[in-house]
Every structure is written in C-alpha cells, then in structure tokens.
Amino acid sequence: MSQTQCEPDFKVEVSHNHVDANDQLERTASRRNDLQGVRGIAIIAVLLFHFFPKTFPNGHVGVDQFFVLSGFLMSMISNRQKKFGHHEIASFYCRRVKRIAPSYLLVILLSLICSSFILPFHLQSFNLESAKLALNFVTNVAATNISRDYQNMVAKAEDLFTHTWSIAVEMQFYLIFPLIFVIYKILLGSIGMIFLAALCFTSAWYHFTLPPPEAFNLMQSRIWQFVLGISVNQLEGRRTDGKHRFESSFLHYVCLITVALVSFWIYPLDRAFTRF
C-alpha cells in the first residue's frame, strides 16, 4: 500500500486520539472538588428556589454560577492544549455537541410526548412552538417578549420548555468562545487580561442598563459571567509555587462559602443587581 493511501487512515486515527485526549481533560476537570462544590451548590439553590421560592428567593443565582463555572471549565480545558488552532476549535464544538445534544434532544422529545397527554390542545400547539425555539437554541431570545417572559411563564407553568433559555445562552456563547480565547492567547499576559476585563465590563454594562427581560435572557448581557470564569482560570494558572497554591486553595473555599451564603440567603437580593 502506498504512503498516499495510508494518509487518510492516519489522519482519522490522529483526530480520534485528539478528541479522546480532550475528553480525558474534560473528565479530569470535572473531578475537581472545588468545582464539584460550586456545581452542587448551584443545583441545590436552583431546585430550592423553584420548590420554595419564598424561603429561598435568591436560589436563581445558581444559574449565574453555572455560567461562571462553564467559562472556567472551557478555559481550563482549552488552556491545557498545546495549541488552539482549527483542529482544536473543531474538536471543541464536537465535544460540546456530543456532551449536550443526546440528553437535550431526549428531554425535548419526552416533553412533547408528555404534553400530548397532560395538556389541553391549545397548550400542546403552544409547546410545539416552544420546542422549535428550544431546538434552535433561541428560547432566551423569545423570552425577551413580554408574552414569553421567564417569570410569567414559570408562574403559569404552561410551557414545558421555559427552562431551556439557559442552555440557549450557553450554546450561543460556545459560538464565540474560540474567538475570545484565540484573541486572548494572541495578546498574552497583562494585555490579554485587559481585553478580558474590557469584554467583561462591556457585557456587565449591558446587563445593568438593559430592561430586565433583555438583561436576564440575552447572551450578550451574560458574557461577563462566562468571561469572569475564564479570567479566574487564567489568573489561577499563573500561581504555581507552594505559597500561591495555598492562597488559591484558601480563596476557593472563601468563594464557596460566599456563594452558598448568597444562594441560600433568606432575604431577596436587590432586583437592580439580579435583573430578575
């Protein structure tokens, strides 16, 4: 067999090995106790908020924690790669689809099946439209319309796909993350951190100046949370000696305690801050 004939198989094997290595990085990152702690607090906070909204009025900030954590993990996994070129970007998108699509599509399918049995006909057609929005990852954009406002939809409990807004935000951010990360890597050092800070500030400005429905739902007003996670990971990577590792570990636990206190605080946070 000639060398030319062998090359396609070799490239496929290298590609599979590359994806497998990235999957291993993702599994390793997910085993960090501090990250698992943040994830656990966020999940419990959101569940308590939905079941006991008057007792845990701030549990919705668990979603904000997920966005920050997502940015941190994306940065960690991408930062451990030797380079971040076309193949790495393609691998990044493949991993995201592989990780999210199967369970996401299954939930949408099962929800549609259930809606045909438990909902009246006019709500079935409404949920079918909502399923289309969810499949296109634009539930959050539709939620800026007052008729599909998140709080109104949750109060009515008529739309089985209301909560897919957060997945839509995350998937939309995935589209621009490689560009953000590549620009940061090109700038390097302090200039790169200034770029992240400027991006964070601009998005936060949108978050605090847009009307609440847009501020809560749109991806551009949530970028600052993802970028905050990216920035924390990049700063953490610079602390390599024993003293800095201790300081970093201590800071992690302080952040965990702070996040828990905010999430489970019984007095509602100012709406001007939460935009909820």
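All of the numbers you see were taken from the coordinates with simple rules; none came from a lab. Values in this document were obtained by computation on a predicted structure and should not be read as measured data.
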(request) Take the Cα pairs of the stretch 83-210, get the Kirkwood Rh, then feed it into Stokes-Einstein at 25 °C and 0.890 mPa s and tell me D in µm²/s. (result) 144
(request) Express the relative contact order of the stretch 27-77 as a whole percentage, based on alpha carbon pairs under 8 Å and six or more residues apart in sequence. (result) 37
(message) Under 8 Å for C-alpha pairs, at least 6 residues apart: give me the relative contact order for the stretch 136-237, rounded to a whole percent.
(response) 30
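Give the dimensionless ratio obtained when the Cα radius of gyration of the stretch 40-134 is divided by 2.2 N^0.38 Å. It would help to have the intermediate numbers written out before the result.
Numbers: Rg = 18.3 Å, N = 95, 2.2 N^0.38 = 12.4 Å.
Ratio of Rg to 2.2 N^0.38 Å for the stretch 40-134: 1.47.
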